[in-house]
Amino acid sequence: MFNFHTYCIDDVPCLLNADYRHLEMSYPERVHLSVGIHPWQVEDDWREKMSLVRAVASENRVWAIGECGLDKARGAALSVQREAFCAHIALAEMVQKPLVIHCVRAFDELLALRRELETICKRQGREPQPWVIHGFRGNPEQAKQIMAKGFLLSFGHYYNLETLRFVFTSNRPFFLETDDHSLSVCQIYEQVAHHLDVDVAHLENLCDPCQTFFRPMIS
Ligand SMILES: [Zn+2]
């Protein structure tokens with residue numbers, strides 16, 4: 001079992017969303033960090049916050065960059081959010097770690113940025129880092145469109161059931177998370193297993209990011 005995106009530590013391995021304010025704390029070994037500036041916290045001083053993120057991004061305990069992203073419903077002007085998000089994209093490429101993305105009503109912008117990155121990486125003869133959209137609630141059509149561009153999805157307590165079923169049958173890896181919800185990740189696994197009519201053990205195998213892109217960080 002793995003909690004892909006959380007703000008609390010329990011006894012399950014997880015990717016703790018530790019923002020720039022919590023980087024001096026020490027955490028148990030099962031706790032891995034994603035570090036970044038949430039789009040709601042992108043303010044005029046985001047560059048100073050970003051230098052704190054950069055300072056720890058290469059540490060072994062940091063497994064991903066983020067959460068970061070774009071939110072048209074809340075936060076600073078989109079142009080400012082975009083600048084900050086691009087700084088996270090560049091950092092993820094520099095330290096070769098996946099990106100955990102928060103995206104609200106900005107999927108076109110997100111896809112355009114992914115295309116730009118792919119063009120740059122192609123020129124350099126390398127693959128871009130994986131991008132994972134956390135707390136995905138879109139419909140199956142949106143999921144299909146963004147998965148076709150190589151994105152991965154993480155689901156929390158609230159999701160579109162048709163989308164979950166679509167992703168499950170597409171045989172692409174996906175992840176589960178509590179986000180800031182009070183349910184435990186075990187309860188999320190049970191809920192999803194029930195909805196997909198599979199065993200929790202089957203899900204555990206399928207939704208373990210260590211089987212996919214975190215493996216190099218463990219070995
Ligand atoms: Zn979020």
For the stretch 107-117, just list the computed ³J(HN,Hα) in residue order, Karplus coefficients 6.51, -1.76 and 1.60, θ = phi - 60°, integers in Hz, with x standing in for Gly and Pro. 5, 5, 4, 5, 5, 5, 5, 5, 4, 4, 5
Quick one: accessible area per residue over the stretch 3-218, 1.4 Å probe, rounded to a whole number of Å²? 49
The chain - charge dipole about Cα centre, Lys and Arg +1 at Cβ, Asp and Glu -1, debye rounded to 20: 800
Viscosity 0.692 mPa s, 37 °C: Kirkwood-radius Stokes-Einstein D of the stretch 56-113 over Cα pairs, µm²/s: 278
√(5λ) per eigenvalue of the Cα gyration tensor, the stretch 65-219, largest first, Å: 26, 18, 15
Here, the stretch 99-158 modelled as identical Cα point scatterers in vacuum has Debye log10 I(q)/I(0) at q = 0.12, 0.25 Å⁻¹ of -0.29, -1.10
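Run the helix sum for the chain: -39,500 (n - 2.57) per DSSP H stretch of 4+ residues, divided by residue count, reported at 222 nm to the nearest 500 deg cm²/dmol.
Calculated at 222 nm, the ellipticity per residue is -12000 deg cm²/dmol.
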Taking R0 as 30 Å, what FRET efficiency do you get between R21 and T212 from their Cβ-Cβ distance, rounded to the nearest 0.05? 0.55
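With all protein chains present, how much of the accessible area of the chain (probe radius 1.4 Å) comes from carbon and sulfur, to the nearest whole percent?
Taking all protein chains in place, the chain shows 50 percent carbon and sulfur surface.
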Mean separation of Cα pairs under 8 Å and 6+ residues apart, divided by the residue count of the stretch 3-218: what relative contact order is that in percent? 17
Taking the dipole of the chain about the Cα centre (Lys, Arg +1; Asp, Glu -1; charges at Cβ), the one of A106, I120, S184 that reaches farthest to the positive side is I120
Among the lysines, select those whose C-alpha is under 26 Å from the C-alpha of K72, and discard any that sit fewer than 8 residues away in the same chain. K49, K97, K144, K149
Using a Förster distance of 45 Å, the FRET efficiency for D197-S51 (Cβ separation, nearest 0.05): 0.40
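The values are calculated or read from the model by the stated rules, or taken from the named source; none is laboratory data. This structure is a prediction, so every number in the text was calculated from the model and none was measured. Positions of Cβ are backbone-derived with ideal geometry, glycine not excepted, and every protein chain shown enters the neighbour counts. Accessible surface is based on the protein model in full, side chains and every heavy atom, while ligands, DNA and RNA are left aside. Shrake-Rupley method; radii C 1.70, N 1.55, O 1.52, S 1.80 Å.
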